[in-house]
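Computed from the coordinates by the stated procedures, all read-outs in this text should not be read as laboratory data. Every value quoted in this text rests on a predicted model; they were computed, and no experiment measured them. FYI the Cβ positions are ideal-geometry reconstructions off the backbone, even for glycines, and counts take in every protein chain you see.
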Amino acid sequence: MARPTTVPQARALRRNAPETERLLWKLLRDRRLEGLKFRRQVPLGPYVLDFVCLRYRLVTEADGPFHEPAQDALRDAWLAAKGFRVLRFPNTDIQLRDWQVIARILEIVGTPPSQP
C-alpha cells in the first residue's frame with residue numbers, strides 16, 4: 001500500500017520524467033516488450049518505483065546521477081522482502097545500449113524474444 005505522500009510524488013515524477021526514463025518508457029509502454037505490462041512511477045510503501053511489471057514482480061530502475069548506493073541497497077532489500085526483483089540500469093545503458101536492457105529484462109522474466 002502506498003503512503004499518502006508518495007501518490008502526489010509519483011504523479012509529479014510522471015509529469016516531469018528525465019529524458020532517460022522517457023526513453024525507457026518508450027520501450028516498455030503499451031505491452032511493447034513481449035506483451036509485458038509495465039506501469040511507471042508506481043507508489044509502493046515508502047517508495048516510488050520507476051517501472052514495475054506486477055505479474056513478474058519485477059522493478060526496473062533507471063539509475064541517474066541522483067541515486068545513492070546506500071539508499072538503493074535499503075530500498076532493494078525492502079522490495080526483496082516483499083517478493084520483488086530489482087533491475088538497475090545506468091543512464092548510459094538506456095541511452096546507448098537499449099537492446100542490452102531489453103535482453104536483460106527478458107532474461108529475468110524468462111520470456112524468449114519473439115522472432116521477427
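Here are a few things to note about the model shown:
- Hey, residue 109 among the aliphatic types (A, V, I, L, M), buried (at least 18 other Cβ atoms within 10 Å of the Cβ) and closer than 18 Å to residue 37 by Cβ or not: no
- Taking the numbered list (1) touching a strand residue (DSSP E or B) at 6+ places or on another chain (Cβ under 8 Å); (2) over 16 Å from residue 18 (Cβ atoms); (3) crowded, with 18+ Cβ neighbours inside 10 Å in turn, residue 51 passes all entries but (2).
- Taken over segment 55-77, the criterion of being within 20 Å of residue 22 (Cα to Cα) and surrounded by 12 or more Cβ atoms within 10 Å (Cβ to Cβ) is satisfied by 58, 59, 60, 61, 62, 63, 64, 67.
- Pairing each residue of segment 43-55 that is of a type outside the set (A, V, I, L, M) with any residue that is crowded, with 19+ Cβ neighbours inside 10 Å and assigned to a loop (DSSP other than H, G, I, E, B), provided the two are 6+ apart or on different chains, yields C-beta distances under 7 Å for 51/38; 53/38.
- Members of segment 48-103 found to be among the acidic types (Asp, Glu) and out of contact with any Asp or Glu (no Cβ under 8 Å at 6 or more places or on another chain), listed by number: 68, 76, 93, 98
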